[in-house]
Amino acid sequence: MTLDALHAAVPEYLWNLGVIFIKIAVVLGATMLHVAYATYFERKVIAHMQARMGPMVVGPHGIFQPIADGIKSFFKEDIIPTNADKPLFFSAPVIGLMAAISALAVIPFFDGFVISNANIGLLFLFAMSSLAAYGVIIAGWSSNSKYSFLGALRASAQVISYEVSLGLSLVGVMLMAGSVNLTDIVHAQHNYPGGMYIIPQFLGFYVFVISAIAETNRTPFDLPEAETELIAGFFSEYSGFRFALFFMSEYIGMIIMSSIAVLCFLGGWTLPQFMLNMFPFLTHVPGLVWFMLKLYACIFFYYWIRATLPRYRYDKLMSLGWKVLIPLALLNVMITGTFKIFLHK
């Protein structure tokens, strides 16, 4: 039976449901594979930047190290502190992971491939990012440890501060595209003369990059974890598979922030029209290839600054967010809005 014949034989709602389940399976499978090997490439990249070899023991050049780490985490003893609030302690890593996975639903990976082409895609991503912070706060509170609690307090203040600048940095993109649907934003960039919003929205892109690093608790803004001060911060008391769930949430968050950068500033799965006119053979390359290449470049940037910059001081971090990034983001909104009004006259 051909695919068209199968489509004709199955009721429409069952066909649509089946397509959605297949998309969810593909996106989840590809994301988890990328999470596993993002850890491997991070260790390799940083090791080479520091003139070391990185993982070399498990398989050729340590290629099976992520699989060995996953098996170790799964079978490791799950230690629960005696005085922990157990229901909250169990649920915290699940809340963080579910929020991160849910955000994948509205990300288009190429033209026509998205689980849910929601008109409020960008706003949904902000909402899921806020929800993930609850997992961190609950983990710190329920562990009954001063290190975990301090880490959670830092995380809550950091996330609240940088969510404001993160949201404001994307308002310019929304104004230029006239939509918060991520597919529409990519199409608007393709029709724009430069092909990408990174040039007219350079100020917004600058604020977004710094805010995204702070939102994902990555170096140099990894103060909620801060191994040298707080051991591991909000997940100090977690071990085994629950620790791995926090780890997965962090890497999925990094992939989501990189995807937003690609879709809102770097043209998504498209290339600028002038490049396609100069090199027509590039039109035959699938859009997924360009999307993944841009995504890998953004993730590599995360590794690069981790290997380069020291941890920021906490008061400096708060000062940077409220006194520099938010005013810059507001300035970008005013400039973009003024140009938009001027061009429509």
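The values are calculated or read from the model by the stated rules, or taken from the named source; none is laboratory data. These numbers were taken from a predicted model, which means no experiment stands behind them. As a convention, Cβ positions derive from the backbone with ideal geometry for all residues, glycine included, and neighbour counts pool all protein chains shown. Each accessible area value is taken on the protein alone, full model and side chains, heavy atoms only, with ligands, DNA and RNA left out. Shrake-Rupley method; radii C 1.70, N 1.55, O 1.52, S 1.80 Å.
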| note | Gyration tensor on Cα atoms of the range 1-142, a ≥ b ≥ c root eigenvalues, a/c under 1.5 rounded, else prolate if a/b beats b/c, else oblate, says oblate
| Which of the lysines could a cross-linker span from K72 if the Cα-Cα distance has to be under 26 Å and same-chain partners fewer than 8 positions apart are dropped? | K44, K86
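What does the charge count near P55 come to, summing +1 for each Lys or Arg and -1 for each Asp or Glu among other residues with Cβ under 14 Å from its Cβ? List each step's numbers first, then the result.
Values: positive: R43, K44, R52, K72; negative: E42, D69.
Cβ neighbours under 14 Å give a net charge of +2.
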| remark: Magnitude of the Cβ-charge dipole (Lys and Arg +1, Asp and Glu -1) of the chain about the Cα centre, nearest 20 debye, reported as 680 debye
| remark: Note, the range 27-39: 3J(HN,Hα) by Karplus (6.51, -1.76, 1.60, θ = phi - 60°), whole Hz, Gly/Pro = x, goes 5, 5, x, 5, 5, 5, 5, 5, 4, 4, 8, 5, 5
| request: Mind checking which of P310, V333, V58 is farthest towards the positive end of the chain's charge dipole, using Cβ charges of +1 (Lys, Arg) and -1 (Asp, Glu) about the Cα centre? | output: P310
| remark: Of every hundred units of 1.4 Å-probe accessible area on the range 147-279, the number belonging to carbon and sulfur atoms, as a percent, is 71 percent
| field | Cα-centre dipole for the range 75-198 with unit charges at Cβ (Lys and Arg positive, Asp and Glu negative), debye to 20 | value | 300 debye
| With each run of n ≥ 4 DSSP H residues scored as -39500 (n - 2.57), what mean residue ellipticity at 222 nm is computed for the chain after dividing by its residue count and rounding to the nearest 500 deg cm²/dmol? | -22500 deg cm²/dmol
| said: If DNA, RNA and ligands are ignored and the probe is 1.4 Å, what is the ranking of W290, W269, W304 by accessible area, most exposed first? | reply: W304, W290, W269
| task | With a 1.4 Å probe and every protein chain left in place, tell me how much accessible area Y13 has, in Å² to the nearest 10. | result | 150 Å²
| field | Peptides 145-155, 86-96 ordered by average Cβ neighbours within 10 Å, highest first | value | 145-155, 86-96
| query | Which value, in debye to the nearest 20, describes the size of the charge dipole of the range 215-343 about its Cα centre when Lys and Arg Cβ atoms bear +1, Asp and Glu Cβ atoms bear -1, and nothing else is charged? | reply | 400 debye
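How high is the relative contact order of the chain, in percent, with contacts defined as C-alpha pairs under 8 Å that are six or more residues apart? Display every interim value, and only then the final one.
Values: 470 pairs, mean separation 74.3, N = 345.
Relative contact order, the chain: 22 percent.
How much accessible area per residue does the chain have, in Å², with a 1.4 Å probe?
On the way: 17350 Å² over 345 residues.
That works out to 50 Å² per residue.
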| field | Dipole-positive endmost among F291, T219, L6 within the chain (Cβ charges, Cα centre) | value | T219
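When averaged across all projection directions, what area in nm² does the alpha-carbon convex hull of the range 118-277 cover? Don't skip to the answer; put the middle values down first.
Values: hull surface 39.8 nm².
Projected over every direction and averaged, the Cα hull of the range 118-277 covers 9.9 nm².
Take the solvent-accessible surface of the protein heavy atoms, probe 1.4 Å, and return the percent of it on the range 1-79 that carbon and sulfur atoms account for. Don't jump to the answer; show the numbers that get you there.
On the way: 4020 of 5460 Å².
Of all accessible area on the range 1-79, carbon and sulfur atoms account for 74 percent.
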